[in-house]
Amino acid sequence: MGRTLVSITQQLAQAEERLGRYRRALTRADQKIFDDLFALARRRLAASSMAADPLPMQIILLGMLIGTASAVAGLAARVEALEHERPLPPRLDP
Amino acid sequence: MNARSLPAWILDLYPAPEGMVLWLKTDDGRALRAVDELPMSFFIAAEPSILRAAWKEISGWKKGLLLARERRFEIHRGEEIDLLSVTAPGPLPYRAAVREALARWPDLAFYNADLDPALVYAVERNVFPLAECQVTLEGARVRAITTGRTRWDLAAEPPPFRILTLRLTGELRDPSHGYRAPLEITAPGMPAQTCAWDDPRELVEAVRSAILAYDPDILLTAWGDSFLLPELIALARRSGIDLPLNRDARRSVLRKGERSYFSYGRIVHRPSSVWLFGRLHIDRQTAFLADEYGLDGLVELARTTLQPLQQVARTSSGTGISAMQTAEAYRRGWLIPYRKRTPEDFKTALELVRGDKGGLTFQPEPGLYEHVLELDFASMYPSLMVKFNLSAETVGRTCPKCESRGPIGPRDRPQVAPSSPHSPSPSACPPSDEHRWTADAKTSRVGVCWEKGKGDERGEKGERGDEEGRTNDAAELGAPPRIIPEIGYPVCQCRKGIVPLTLAPLLEKRLALKKAARALPEGPEREVLRRRQVALKWLLVTCFGYLGYKNARFGRIEAHESTTACGRDTLLRAKEIAEERGYLFLHALTDALWIYKEGSTDADHQALVEEIGRDTGVRIDIEGLYRWLAFPPSRQYAGNPVANRYFGAFEDGKIKMRGIEARRHDTIRWIREAQAEMLEVLARARNAAEYRARMAEVFAIARGKLADLQRGAVPPRMLAILHRLSQPPEEYRANLPVALAARALAASGVHLAPGESVEFVLTLGGGARPYDIWRATDRVDAARYRELFLRMLESLAVPAGYDRAAILARLDGIWQDPLPGMERVATGGLLPAAA
């Protein structure tokens, strides 16, 4: 509303759109992963906005990385629980 | 002539050739017209040589204008400046002189050049609209007027209004779109009358005799601005009958034309309006938000913002805030800019990236949750403006006094040192008490020079800052400058800014009203307090936008940016404190957050809000603990979250919802009511498992509703879609339903302007029929309504684990096959012409 700059939400949508042709050339399975990665970045929009980075793509990538690492950490905890026959920890959302 | 003193309420006030006209409502129910004088001044700022030339020229105008040289405090410059003051003997000569001076010197800076005489009168006499006063009259002239009340009083009775209501019988429908029903005339203690439109003479006579017999103070209408009063005036003229709508026989009724304009990215239509003199016309259809706070809220707004009731009923909250700031500046003798000449400060690209942001918006993980706690900061932005002293003249500025104290940083130190544009500009603070203009108030006060001694007679109370019984607001704050988190602007704390000065009493009053309402049992008295505080809430909501609005007199974008930066810092601090106390963070939105902790108790929650309040300095309240709370996923990006759509049931079974169909004003009634019925069932669920179990009942309701639709048992008025026109009907190029409906209405002779709303029903064959010209032969397109219904059902069912196929499976044979093309149908009234 009345802002000068494009918001981080719009920047993320634009980045996704810019990569449309890239996405098209991916296999269907990879396209799903592409969409999931952007979903991970989208869930961290508040943090991306606080970063106020002039190069938004690196913050978008950071969001994808943190989301992926969070999913890995959740899986690791589950594997460890299974290995030691402990009750499974609650599933963490990526 | 003998003077008489009497108690009376100020019903209305407006300028006239003889000065200010006051309509006074006396204790015995009479309405008196009285006149008071009101000299008004404006100021011109320029080089001394130009001011001298202007003085010489204005002296030659021979219009009874009084000229003087003055120095007053200019808010945006942060210092006193040299001025030519031009004082006219009354509000009308003031306007004429301003017009002439502006035309003669369009490039000079003007101050106090577009003041509302009613507001100036209220400040000069220390009264307010609808105040209970003691008035001394000599004939019809006011000799003295005082009030023992202030606009900040909590106990404030509304004046004993006599209200006459005019409306069309039956449901509330816009008569400009062709709807006609007999006119209903009602007033307390009078038998209700209804009159048909086929005998205009009889109709006008009935209105005339009701007005003469009852002599109302308020004419309350539905569509009186756009239709009823203009129509009655035209009929009266044609029938040669005098219709005494005004009490003031010297004035004719004032008509203002309609207009369409852009506001916050959408087009808004303001219908034409009919203003009365001596009587107040309130059209409930145009009274801004009056449905939410009613006449009690409007009275509260008129008193608090110093605007006459008819004006308050037709202007936005932003105008109210602006009026309050103007009054505050006027009271202190500060200059009121005519057209703001302060451009945005220079910023580097990085500074812009850092500062040009709004409130913090998180993305909640979609799903159904239990035992979630919602915390809301109370009036966060206005509280921060008061706490940090955020105002156009304080942000980005410091003075030698500030500098000697050294800055205090926020928790989060700025990542860059304040750079050139925001580095302290010397002498940018208002003058200290010793040399404030108010020290000379008696000589420079408007009006005093007109009649020697009159100022004293009218109750000078010395320092004008104390007039309203508030203290300390001009005292030095004495703190070093604060540094705004994230963006690093310094904020001068040596003296309170105009924005915090305006907001502090408003915040205090609203809080006190809320507290007083809570102390009362449910009932009419509590409802009145609720309405009054809701009216004030809208002023507080708007004040933030006005800080950044480019045309606002006391707005400045840097102050706006500082408010959101402080807001983000405060919200993040609340999140950090909650996480330190073991809560899981689920969601946060500007000034509210949703958190969860297994087994947390009321005592835990209380300790948490106390710590957040202490730490941030902003009061935070527990909105409630949810038995269950749903964050539905996005429709646009499947599985993705949406920040502002959620619904849940609190411990007491009360439902809170945002962004879903039952809450949206553009949802059709059939769907809104169906969802409300379903939510009532779900409100009985005590946890997420019971929510899922109760979906069976929800599907049963859905089956019933869809069966009604299928057999044509849903009346068209329940299916009417309300849609705002973004352009004139003839300019729509695509055959959208709204375009079809608007064209059909226009063809039937209805005038439609952009920003106006039309109501239409979707008909078979991809059509749309305006509800106002619905025919018995028209057929509802049930398939398209069914799709809208399913989307509403999805909002409730998806969080419980159902997808579209599972929902259809539960609808037992009611249209189980998806219709081709239906996935294109969008929500929010943006419907394609046909599937």
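Below are the figures for this structure:
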item: Residues of the stretch A:37-46 classified as more than 9 Å from every other protein chain (Cβ to nearest Cβ) and open to solvent by 40 Å² or more (accessible area, probe 1.4 Å), total; result: 1
item: Qualifying position, being among the aliphatic types (A, V, I, L, M) and part of a helix (DSSP H, G or I), among B:10, B:58; result: B:58
item: Boolean, residue B:679 is within 30 Å of residue B:372 (Cβ to Cβ) and under 32 Å from the mean Cα position of the chain (by Cα); result: yes
item: Residue in the stretch B:277-286 that is modelled with pLDDT under 90, open to solvent by 40 Å² or more (accessible area, probe 1.4 Å) and either of a type in the set (Asp, Glu) or outside the structural domain of residue B:31 (by TED's automatic domain parsing) (or both) present; result: yes
item: Single match in B:215, B:225 (criterion: on the phi > 0 side of the Ramachandran plot and touching a strand residue (DSSP E or B) at 6+ places or on another chain (Cβ under 8 Å)); result: B:215
item: Condition check for residue B:509: open to solvent by 60 Å² or more (accessible area, probe 1.4 Å) and outside the structural domain of residue B:319 (by TED's automatic domain parsing); result: no
item: Flag if residue A:82 is over 30 Å from residue B:485 (Cβ atoms) and open to solvent by less than 80 Å² (accessible area, probe 1.4 Å); result: no
item: Which numbered condition residue B:142 misses (of (1) more than 20 Å from residue B:277 (Cβ to Cβ); (2) touching a residue at least 12 places away in the same chain (Cβ under 8 Å); (3) out of contact with any helix residue (DSSP H, G or I) (no Cβ under 7 Å at 6 or more places or on another chain)); result: (1)
item: Answer from B:274, B:299, B:253 - the residue that is out of contact with any Cys (no Cβ under 9 Å at 6 or more places or on another chain), farther than 26 Å from residue B:183 by Cα and either surrounded by 15 or more Cβ atoms within 10 Å (Cβ to Cβ) or of a type outside the set (A, V, I, L, M, F, W, C) (or both); result: B:299
item: Positions within the stretch B:544-554 being farther than 17 Å from residue B:504 by Cα and more than 10 Å from every other protein chain (Cβ to nearest Cβ), in sequence order; result: B:551, B:552, B:553
item: Leading residue by the ranking (nearest to residue A:32 (Cα to Cα)) among those in the stretch B:625-641 that are touching a Phe, Trp or Tyr at 6+ places or on another chain (Cβ under 8 Å) and more than 10 Å from chain A (Cβ to nearest Cβ); result: B:632
item: Residues of the stretch B:353-370 that turn out to be in contact with a Leu (Cβ under 9 Å, 6 or more places away or on another chain) and either more than 10 Å from chain A (Cβ to nearest Cβ) or within 14 Å of residue B:548 (Cβ to Cβ) (or both), as a count; result: 6
item: Residue satisfying condition, being part of a strand (DSSP E or B), open to solvent by less than 10 Å² (accessible area, probe 1.4 Å), in contact with a strand residue (DSSP E or B) (Cβ under 7 Å, 6 or more places away or on another chain) and more than 13 Å from chain A (Cβ to nearest Cβ), within set B:595, B:622, B:612; result: B:595
item: Looking only at the stretch B:293-350, and only at residues there that are closer than 18 Å to residue B:546 by Cβ and among the aromatic types (Phe, Trp, Tyr), the one that is farthest from the chain's Cα centre (by Cα); result: B:334
item: Odd one out for residue B:344, checked against (1) within 14 Å of chain A (Cβ to nearest Cβ); (2) surrounded by fewer than 20 Cβ atoms within 10 Å (Cβ to Cβ); (3) not in a loop (DSSP other than H, G, I, E, B); result: (3)
item: Subset of the stretch B:147-157 that is surrounded by 15 or more Cβ atoms within 10 Å (Cβ to Cβ) and touching a strand residue (DSSP E or B) at 6+ places or on another chain (Cβ under 9 Å) - its residue that is modelled with the lowest pLDDT; result: B:156
item: Sole residue being under 29 Å from residue B:349 (Cα atoms), open to solvent by 70 Å² or more (accessible area, probe 1.4 Å) and within 14 Å of chain B (Cβ to nearest Cβ), chosen from A:59, A:66; result: A:66
item: Residue within the stretch B:352-359 that is over 19 Å from residue B:589 (Cβ atoms), open to solvent by less than 10 Å² (accessible area, probe 1.4 Å), within 28 Å of the chain's Cα centre (by Cα) and modelled with pLDDT under 95 present; result: yes
item: Residues of the stretch B:577-592 classified as open to solvent by less than 10 Å² (accessible area, probe 1.4 Å) and assigned to a strand (DSSP E or B), total; result: 3
item: Test set (1) open to solvent by less than 20 Å² (accessible area, probe 1.4 Å); (2) at pLDDT below 80 - residue B:374 fails condition number; result: (2)
item: Residue check, residue B:209 of a type in the set (Ser, Thr, Tyr), part of a loop (DSSP other than H, G, I, E, B), open to solvent by 40 Å² or more (accessible area, probe 1.4 Å) and farther than 30 Å from residue B:770 by Cα; result: no
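The values are calculated or read from the model by the stated rules, or taken from the named source; none is laboratory data. All of these numbers come straight from a predicted model, not from anything done at the bench. We place every Cβ from the backbone using ideal geometry, glycine too, and count neighbours over all the protein chains shown. Calculation scope for accessible area: heavy atoms of the full protein, side chains included, ligands and nucleic acids excluded. Shrake-Rupley method; radii C 1.70, N 1.55, O 1.52, S 1.80 Å.
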